[in-house]
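So the structure is just underneath, and the comments pick up after that.
The values are calculated or read from the model by the stated rules, or taken from the named source; none is laboratory data. In this text, all values refer to a predicted model and were calculated from it rather than measured experimentally. All Cβ positions, glycine included, derive from the backbone under ideal geometry; neighbour counts span all protein chains shown. Each accessible area value is taken on the protein alone, full model and side chains, heavy atoms only, with ligands, DNA and RNA left out. Shrake-Rupley method; radii C 1.70, N 1.55, O 1.52, S 1.80 Å.
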Amino acid sequence: MADLVGRNIVMSDSPNPRPTPQRDRSFNTNAGASTIATNDIGHDVTRLYTLVETAMMNMPAPNNDSTSELRPTEVARMREMLNQTWEGIREWLGAHPSETDRQQAAEHQGQFLTTALHMVCKLMDPPVDVVQSLIECAEETVTWPDSNGWLPLHHACANGASGRVLSVLVQAYPDGKVQQDKRFRTPLHFAFFRTDAHEDRKAAVTKNQDGGGGMGGSTRALDNSNREGEDMDGDDDDVGNSMPEIVKLLADSGAAELQDEGGMLPMHYASAYGTTREVLEVLLENYPESITKRENKGRNPLHLAMVNAHRKSSPKVVGFLLEKNAADIINTYDDDNHLPIHLLAMASKFPPEKVLERKNAADCLKLYLNAKPKASADFLTAIQTLPEWLRDIAVISDHIQNILNQKIVMRFPTMILILDFVSLIFVIALFEITTAATIDHLFDEDKYPNPAKTAQVSATLVFGAYFLLREVVQIISLLALGNFGSWLWDMGNWLDVLLIFFIFYFGGIMLSGEPLLTPDAFRSGTALTKGILWLSVISFLKSTRVEFSVFVSGVFYVVQRLAAFLLALCVILLMFAQMFYIVYAESDQCNCTDNNPDANPFPHCTFQESLLKVYTMLMGEIGNEMRYSTLPVAQFLYVAFAFLVVILLSNVLIAIVTDSYGVIKNERAAMVFWSNRLDFVAEMDAIKNVGKTIKKFFVRSDGATGAPTRVQETPNGEPIPIDDGEKQSMSRFRNGWKTIMDLFDPNLHETYDVNPSSFEFWCYLFVRMAAVVFVIPVWLILGLCTAGWLWPPQVREYLLKQKKVAISRADMAEQVTAQINDLKNEIKKLRVEMKGEMKSDRKEFSQVKVEVEAVQAEVMADLLQVKEIMVTLLDMSRDHLGTAR
């Protein structure tokens, strides 16, 4: 059934109407064999129902696993069993010409109030003549619902009956098309339970010819053999065996407008289960408003298609829905405040081996982003929550990159970026000044009686308070959006928390002038804090420039892939350090060092010194190699170390680092940078969203709730909502800066025809010099003093806007290689399956051969008995003739 978040669509809410006692995939080929005799006439009205019920009990159990397939031998047995069932029904009807007997048998109700007509419609693709005959026996049974409220038409639609059969049932009871079961579902709802509901007509015909695949393919393989009595010359096309024609047959009486108990229309079912564009066209034609209708959980068809994006036909469904009415459905929230992309993020947790599911989900995401959904805070949060393999696809799309570029150059994000950078620089400078003064005071109080100045320490704490406020607001904003996990799992945030803690901790110590532990601990702690400060600078730069982003991500990427190498290197260094230490233990070199403390110590007299020495040797600090000349073993260890570690492992390290960093730089540079920018822009939008929410309590707004009063048109025509004040000021500043830049247009002389002999030329030159000397520098300085707030948009775009990039050739080559590998794996799996089937078939053939030989032996034994009887009769006849003579 459809994998819907928060609800399950099931075929029945009561015990399964199909009896399932101890059923497996073995079929009783005698299940439908006729045992009709003339003395049965008029004595057993349940015989007709029992024939169909027995066949139903021998059908394979429903299997939700689409990859589970029936073997050809099983399909053949099923076909034989069904053919015997249909023949049994025909023989029973032929043996009971009485209308009374036929009516009583057809009206007999068994389990769950089902009749023989219900049970026949539950079997795989019943023949038209059998269904027609049962209706003629008792026409009113076509209007009888079973205990679940299902008509025979419901069962026929759900179990893949042909268009001719559905047409016969509809002609017998036209109102059945709008008849609803206990859960308010019509036969049109049930039509999307069919195994061929998501296939176009051409594919379905191909699978029918090939025998199909899976359970659905196996049942489709029965079509031609089971449709006895049908005209195979093309009349089926007039009735409608293709899915679009079946839906057209069922939807023309208002069924497309009827909702089930969950508020779901047939359009919702089609979107959730997946189907073809032709089917969706039929549904939309019969009920145009269905594409925007919501079910009881507030989800429209696009929500249901996105939550089932892994299905094979889902990309077609998503493409159709967005093509027909993207504006009204793409930005719609459900009752849980989820956009369609939220549901895609929640339902796309597929492991790498699920290649087809991942491909379908990725195709749906691309179609959704190409429709250009609104750049809201919830939308960016949803992009963040996508699995990494989907987020990488999202961040390199034109729509996402355009959104991020437009949002990063707005005044608020620019202000935060500048404030973060300025605060970091000031904290680094102030922390250096205050810690140096405090360390001098702690270690030499007589010479430096005064600790750091209170004003400088207080200023450091003020900047620390800014960082603290920044993190608190960010946490509150993400909690309001329900995306606190993105903050929790971001190591950059924990680096900020650690930095804030150290600033306040050591700031308090510097204000008091007394260390809590020891001066040495204070000195070490402040040194660590300075390292974190500079790491924060690198973390800041990676969100603003692609070069730093690639560098930082490259370092992490390389370290992750060096884990095995580093472990092996540590083992080798420990090995050589211990061997050098043992070789020189109690040697003259170490004894000399002990007797002369002022002399340069020998580097291998203690294990710690030996380990430090082999590490420095790895780094290239060999020193005086003659110190190993006194011991042959030491010389051998030195040569082995130089070859294995200094030469071999060093080159291996260089090769690994070069290759790993090349992967980041050449293949994932765009993804890495835009993912970092997405995180920052999403955080800024979350903060602004909380600010707007707070503002609503104090300022009365006009218009619809949440509707922007102004939008900014991007070069691609995409609207980015902005505030009224920012819209007006950006327009003035942009035009003003453009006017100044026009002064430096090289074609200005030709446009206005000015030359050095004219007065206009010298006026123009004076204005140009004034702009260079005064206007531009003052404007840039004022903008910097206001954290970019007074900068013209062109300056912010020049500093922060990045070029949009697409997938590189290396990425394309990698994708092609991955697809080739996937095909190879599929071929290997197919080979294994074929070998398994051949082995199973050989086993079955062996069993059949044994059975045939057993039957042959029985026949031979019977023939011998017949021969003996004939011989005996012949002897008796001879004796009789002799006596008569």
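Any chance segment 336-345 includes a residue that's surrounded by fewer than 24 Cβ atoms within 10 Å (Cβ to Cβ), of a type outside the set (Phe, Trp, Tyr) and not in a helix (DSSP H, G or I)? Yes - at least one qualifying residue is present in segment 336-345. Among the residues of segment 150-168, some residue qualifies, meaning at least one is among the basic types (Lys, Arg), over 25 Å from Gln259 (Cβ atoms) and at pLDDT 90 or above.
Condition check ((1) touching a strand residue (DSSP E or B) at 6+ places or on another chain (Cβ under 9 Å); (2) at pLDDT 70 or above; (3) in a helix (DSSP H, G or I); (4) under 30 Å from Ala371 (Cα atoms)) across all residues:
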| residue | (1), (2), (3), (4) |
| --- | --- |
| Gln712 | yes, no, no, yes |
| Lys727 | yes, no, yes, yes |
| Phe744 | no, yes, no, no |
| Val778 | no, yes, yes, no |
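Within segment 494-515, does at least one residue satisfy the condition of being modelled with pLDDT of 80 or more, over 20 Å from Leu424 (Cα atoms) and surrounded by 14 or more Cβ atoms within 10 Å (Cβ to Cβ)? The answer is yes, given that some residue of segment 494-515 is modelled with pLDDT of 80 or more, over 20 Å from Leu424 (Cα atoms) and surrounded by 14 or more Cβ atoms within 10 Å (Cβ to Cβ).
Inspect all residues belonging to segment 247-260 and state whether any of them is open to solvent by 10 Å² or more (accessible area, probe 1.4 Å), without any contact (Cβ under 8 Å) to a residue 60 or more places away in the chain and touching a helix residue (DSSP H, G or I) at 6+ places or on another chain (Cβ under 9 Å). Yes, there is a match, as at least one residue in segment 247-260 is open to solvent by 10 Å² or more (accessible area, probe 1.4 Å), without any contact (Cβ under 8 Å) to a residue 60 or more places away in the chain and touching a helix residue (DSSP H, G or I) at 6+ places or on another chain (Cβ under 9 Å). For segment 369-376, check the following and say yes or no: at least one residue is more than 10 Å from the chain's Cα centre (by Cα), under 30 Å from Asn821 (Cα atoms) and open to solvent by 30 Å² or more (accessible area, probe 1.4 Å). Yes, segment 369-376 contains a residue that is more than 10 Å from the chain's Cα centre (by Cα), under 30 Å from Asn821 (Cα atoms) and open to solvent by 30 Å² or more (accessible area, probe 1.4 Å). Does at least one position in segment 539-546 carry a residue that is part of a helix (DSSP H, G or I), open to solvent by less than 20 Å² (accessible area, probe 1.4 Å), within 30 Å of Val657 (Cα to Cα) and at pLDDT below 85? No: zero hits.
Residues checked against (1) among the small types (Gly, Ala, Ser); (2) open to solvent by 20 Å² or more (accessible area, probe 1.4 Å); (3) over 18 Å from the mean Cα position of the chain (by Cα):
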{"residue": "Gly263", "(1), (2), (3)": "yes, no, yes"}
{"residue": "Tyr269", "(1), (2), (3)": "no, no, yes"}
{"residue": "Ala272", "(1), (2), (3)": "yes, no, no"}
{"residue": "Glu278", "(1), (2), (3)": "no, yes, yes"}
{"residue": "Ile291", "(1), (2), (3)": "no, no, yes"}
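Pairing residues of segment 601-612 that are within 13 Å of Phe576 (Cβ to Cβ) with residues that are surrounded by fewer than 20 Cβ atoms within 10 Å (Cβ to Cβ) and among the acidic types (Asp, Glu), at Cβ distances under 7 Å and at least 6 apart in sequence or on separate chains, gives Pro603/Glu609. Considering Asn337, Asn331, Asn360, Asn370, the condition of being of a type outside the set (Asp, Glu), in contact (Cβ under 8 Å) with a residue 24 or more places away in the chain and on the phi > 0 side of the Ramachandran plot is satisfied by Asn337 alone. Of everything in segment 177-202 that is at pLDDT 90 or above, in a helix (DSSP H, G or I) and touching a Ser or Thr at 6+ places or on another chain (Cβ under 7 Å), the residue that is farthest from Val130 (Cα to Cα) is Val178. Taken over segment 546-582, the criterion of being touching a residue at least 40 places away in the same chain (Cβ under 8 Å) and over 19 Å from Leu644 (Cα atoms) is satisfied by Val546, Ser549, Val550, Ser553, Gly554, Tyr557, Val558, Arg561. Applying the criterion of at least 2 residues that are in contact with a His (Cβ under 9 Å, 6 or more places away or on another chain) to the helices (runs of 4 or more DSSP H) found wholly in segment 259-334 leaves 266-273, 301-307, 314-329.
Kindly indicate the residue of segment 103-142 that is part of a helix (DSSP H, G or I) and among the polar types (S, T, N, Q) and also least open to solvent (accessible area, probe 1.4 Å) among those meeting that condition. Among residues in segment 103-142 that are part of a helix (DSSP H, G or I) and among the polar types (S, T, N, Q), the one least open to solvent (accessible area, probe 1.4 Å) is Thr141. All of (1) farther than 30 Å from Ile418 by Cα; (2) at pLDDT below 75; (3) not polar (S, T, N, Q) hold for Ile582 with one exception: (2).
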